[in-house]
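None of the figures in this text is laboratory data; all of them are computed from the coordinates on show. The structure presented is a predicted model; accordingly, all values stated were derived computationally and were not measured. For neighbour counting, all protein chains shown are included, and Cβ atoms are generated from backbone atoms with ideal geometry for every residue, glycine included.
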Amino acid sequence: MKRHATHLFLCFVTCYSPFVTRAQVTGVGPVAITVKDMDRSLAFYQDMLGFRLVADTELLGKEYEDLEGLFGLRMRITTLRLGDESIRLIAYLTAGGRSIPEDARSNDLSFQHIAIVVRDMDEAYRLLHSHGVEHVSTGPQTIPADNVAAAGVRAFYFHDPDRHNLELIWFPRGKGQAKWQEAARSANLFLGIDHTAIGIASTDSSLAFYRDILGIQPKGESWNKGAEQEHLNFVRGASLHITGLRTDAGPGVEFLQYLQPGPGRPYPQDTRADDIWSWQTTLYTKDVSTLFAKCAAGGRTLVSNGLVVIPDKKGRHVKCFVVRDPDGHALLITEKME
């Protein structure tokens with residue numbers, strides 16, 4: 001059987017790991033994106049992409065400084081919903097970090113995107129193009145028929161106002177999760193978030209963290225190259241090893257390892273939470289203390305100053321911490337209050 005399915009659609013055949021006896025992470029929550037101008041970003045995500053604002057608040061105090069490893073912060077955080085999934089936009093009002101470099105590329109290890117499922121790719125692309133959205137892809141790419149697992153899947157990469165990478169993805173009948181076929185019957189053009197993808201240097205190293213420590217199981221993998229992949233990622237000669245992981249709830253997580261031309265620039269070691277390229281993926285668990293101990297004992301880079309207790313809006317206390325994965329991507333590991 002050929003193993004050349006693109007990351008645009010992974011055949012999620014269950015793959016059980018002998019290293020994990022029970023899942024530690026139970027779900028993937030909102031992906032947080034750092035922005036410079038909250039009002040500008042809200043207009044883009046709501047008016048252009050159909051997200052709905054569900055929360056808008058400002059946070060400050062020592063517990064948040066300890067959580068994000070940033071002194072004197074004051075954050076404006078908005079939560080936006082699209083279908084069943086949510087994202088968060090974070091603007092740091094007292095600091096405001098560095099912008100994404102103009103020459104950033106898809107194979108840089110700081111790369112991360114969310115994949116937004118659309119009902120009609122041509123209609124969605126026309127909308128974005130008419131508003132002058134900055135392209136990453138040369139245009140929507142269609143996976144050819146000889147790629148049996150992903151034949152007909154279409155995708156397009158573009159930038160938001162801060163030059164964060166975003167993806168539109170369209171699944172033909174029989175491809176993707178069943179929920180997307182059901183959602184496509186609605187009148188909505190933008191349906192939800194299928195996954196977040198991250199640039200990595202080594203699949204083995206990433207699996208040793210996400211699978212063996214966090215308990216998130218891989219569900220499929222593929223090796224992808226060719227003209228469509230090059231023009232999707234805008235990387236000449238792109239050849240990728242893609243690994244898809246999923247929990248019981250929330251979007252998937254995809255590893256993007258560039259075999260050719262190889263990984264680009266490393267994730268900057270001096271990254272702060274307020275730097276615009278800094279994303280933060282929320283992972284839910286029922287046992288924060290155990291995962292914190294595993295990360296600390298394993299020498300993982302902790303952003304937080306210890307295990308932090310944050311009061312929620314109902315007056316309960318939630319334990320959480322932020323840790324970096326082997327390539328530098330930030331993860332907020334937290335209890336999920338029912």
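Here are a few things to note about the model shown:
- Residues 234, 158, sorted so that the one with the fewest Cβ neighbours within 10 Å comes first: 234, 158
- Applying the criteria of a DSSP loop state and at most 10 other Cβ atoms within 10 Å to the trypsin sites (Lys or Arg not before Pro) of region 143-249 yields 173, 185, 236.
- Subset of 219/286; 286/319; 286/336 violating a 19 Å alpha-carbon distance limit: 219/286
- Rounded tilt (10° steps) of 121-130 against the dominant C-alpha axis of the chain: 70
- Directionally averaged projected area (convex hull, Cα atoms, region 112-260), nm²: 9.2
- Against the main long axis of the alpha-carbon atoms of the chain, helix 288-297 sits at an angle near 90°.
- DSSP beta bridges confined to the chain are antiparallel in about 75 percent of cases.
- For 159, 329, the sequence from fewest to most other C-beta atoms within 10 Å is 159, 329.
- Exposure proxy ranking for 314, 36, based on other Cβ atoms within 10 angstrom of each Cβ and starting from the fewest, stands as 314, 36.
- Mean projected area in nm² (Cα convex hull; one quarter of hull surface) for the chain: 16.2
- Taking Cα centre as origin and charging only the Cβ of basic (Lys, Arg, +1) and acidic (Asp, Glu, -1) residues, the dipole magnitude of the chain rounds to 680 debye.
- Spin-label model, residue 227 to residue 95: label points 7 Å out along the Cα-to-beta-carbon direction sit 4.6 nm apart.
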